[in-house]
Amino acid sequence: MPYRVRPATLDDLPSLTALLEAYMQETFQRPWSGTSQKLARDGFGAEFELMIAEPACQTPIAFAAWGFHYDLHHCMKGGAVIDLFVAPAHRSRGVAVRLITAIAAQVQQQGGEYITGGAVDNPSAQRFYRRCAHSFSAMECYVSGLAFRRLADLSGQPLRHVLQNLPDVSWNYEP
């Protein structure tokens, strides 16, 4: 099933609210304590960005929230993936990878040189992170250098091409 990844709009608020409620329940076993009004106020570029994935002509089935980040150790601008969630029925289909590559492309377009974010304890997610991210701990990942640029270049490409061309972890150390 093909999925389209795009920046979220205010029209997506009902779907985003439902996805956030499902995410919080699954991940933290508690309800989402936010509101659609606060999400509208703070998201969509005010405090952070939102990307969604959707099957053709259907409601969103996944989201990723991200914001700009700064690496003081290397004096580089980048992006931080705040949260990412794919509805269970759509997992293991490359949706998360598509969201991450789309974020990398947006960060790169704005002058960023890396993305960072927390990794979930999920076998397929861990395989992806081990493949192309430098991990500082079991839960914190960082993609930079040539690896970051490759992820950004893969945005919008067919999933098979993306999976066959993911960067090697060693590329994080290439300028």
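Numbers for the structure displayed
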quantity	calculated
Looking only at the range 4-45, and only at residues there that are part of a helix (DSSP H, G or I) and of a type in the set (Ser, Thr, Tyr), the one that is farthest from Ala62 (Cα to Cα)	Ser36
Matching entry among Arg30, Arg6 (being open to solvent by less than 50 Å² (accessible area, probe 1.4 Å) and basic (Lys, Arg))	Arg6
Selection count, the range 11-23, where residues are surrounded by 11 or more Cβ atoms within 10 Å (Cβ to Cβ) and either more than 14 Å from Ala65 (Cα to Cα) or of a type in the set (Ser, Thr, Tyr) (or both)	7
Residues (in a helix (DSSP H, G or I) and within 18 Å of the chain's Cα centre (by Cα)) located in the range 158-168	Leu159, Val162, Leu163
Residue count, the range 47-105 (criterion: farther than 22 Å from Phe28 by Cα, assigned to a loop (DSSP other than H, G, I, E, B), open to solvent by 20 Å² or more (accessible area, probe 1.4 Å) and not hydroxyl-bearing (Ser, Thr, Tyr))	9
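The values are calculated or read from the model by the stated rules, or taken from the named source; none is laboratory data. This one's a predicted model, so the numbers in the text were calculated from it and none came from an experiment. With ideal geometry, Cβ positions are generated from the backbone for all residues, glycine too; neighbour counts draw on all protein chains shown. The protein model used for the area step is the full one, side chains on, heavy atoms only, and it has no ligands, DNA or RNA in it. Shrake-Rupley method; radii C 1.70, N 1.55, O 1.52, S 1.80 Å.
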